[in-house]
Amino acid sequence: MYKRQNVSRVAERALRDALRDRYGRVELTATRPIEDLILPAGHVTLEAGAPNAAAPAKRMSVWVDIAVDGEHYRSVPVWFAVSAWTRVIRVNRDLEHHHVLEPADLAAATIDVAGLPGPPVSDPTLVPGQRLVRPLSEGAVLLEKHIEPAPLVQQGAVVDVFAKAGRVVLRAKGVALSDGDLSQRIVVSNPKSGERFAAVVVGPGHVEAL
């Protein structure tokens with residue numbers, strides 16, 4: 001009879017190795033203990049599958065392949081309760097959809113991230129200039145899926161409009177009716193008359209009327 005502790009040790013080592021490079025503190029507790037195994041006579045080798053460490057769940061399983069004399073015999077799952085602690089970024093106030101993040105919006109904290117619905121943002125220096133793809137409430141952990149690069153011109157923003165008339169350059173204000181990056185064409189409205197016209201993005205908050 002093959003001891004279940006051997007299988008559990010291999011599974012725990014694989015899961016701990018997968019998590020420890022990404023998280024500062026890891027706690028694993030075996031659940032649903034497996035039974036001792038009755039195996040054919042021969043040399044037994046164990047190999048654990050690679051667990052997904054990007055977004056650890058509160059409960060994770062590691063499949064262990066059991067081979068006897070080099071031939072695969074069976075695979076068994078070993079389950080663990082997981083805690084994985086790391087430094088994350090929280091938003092410190094309610095933020096709207098498409099809000100462009102600034103350092104003042106953010107606060108660092110160390111928490112157990114097991115069970116979060118995605119990988120948290122790990123590098124705070126990359127956050128400023130990104131915008132939210134959904135509203136977030138005060139205290140929410142910022143996840144990688146919550147942010148995207150902010151365009152040079154954002155829908156609803158007031159922009160500087162430049163128009164050329166011969167050798168004269170005219171400047172006015174307008175409201176962007178869509179997002180736009182460099183050289184992209186967008187529609188802009190005149191805030192006074194409501195007239196709409198096409199323009200091309202030439203810089204952050206700057207467009208040139210066509």
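The values are calculated or read from the model by the stated rules, or taken from the named source; none is laboratory data. Please read all numbers here as calculations on a predicted model, not as lab measurements. Virtual Cβ from ideal backbone geometry, glycine too; neighbours counted across all protein chains shown. When the accessible area is computed, the model is the full protein with side chains, heavy atoms only, and any ligands, DNA or RNA have been set aside. Shrake-Rupley method; radii C 1.70, N 1.55, O 1.52, S 1.80 Å.
If I ask for residues that are open to solvent by less than 60 Å² (accessible area, probe 1.4 Å) and outside any loop (DSSP other than H, G, I, E, B), which ones from the stretch 48-67 would you list?
Step one: filter the stretch 48-67 for residues open to solvent by less than 60 Å² (accessible area, probe 1.4 Å), giving 48-49, 51, 53-57, 60-62, 64, 66-67.
Passing the criteria: A48, M60, S61, V62, V64, I66, A67.
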- Item | Residues satisfying the stated conditions in the stretch 133-160, i.e. open to solvent by less than 40 Å² (accessible area, probe 1.4 Å), farther than 21 Å from V175 by Cβ and not in a loop (DSSP other than H, G, I, E, B) | L136, V141, L143, H146, I147
- Task: Within the stretch 24-47, track down each residue that is touching an Asp or Glu at 6+ places or on another chain (Cβ under 9 Å) and either in a helix (DSSP H, G or I) or open to solvent by less than 30 Å² (accessible area, probe 1.4 Å) (or both).
- Result: L28
- Expected output for the stretch 177-192 (first residue open to solvent by less than 70 Å² (accessible area, probe 1.4 Å), partner among the charged types (D, E, K, R), Cβ below 9 Å, 6+ apart or cross-chain) is L177/R196; I186/D179; V187/R196; V188/R196; S189/E195; S189/R196; N190/K173; N190/R196
- Only residues that are of a type in the set (F, W, Y) and either at positive phi or open to solvent by less than 30 Å² (accessible area, probe 1.4 Å) (or both): list them for the stretch 1-23, please. Y23
- Query: Hey, any hits in the stretch 120-127 for a residue that's at pLDDT below 95, part of a loop (DSSP other than H, G, I, E, B) and in contact with an Asp or Glu (Cβ under 7 Å, 6 or more places away or on another chain)?
  - Reply: yes
- Task: Can you work out which of the residues in the stretch 193-204 that are out of contact with any Lys or Arg (no Cβ under 9 Å at 6 or more places or on another chain) and open to solvent by 20 Å² or more (accessible area, probe 1.4 Å) is nearest to A157 (Cα to Cα)?
- Result: P204
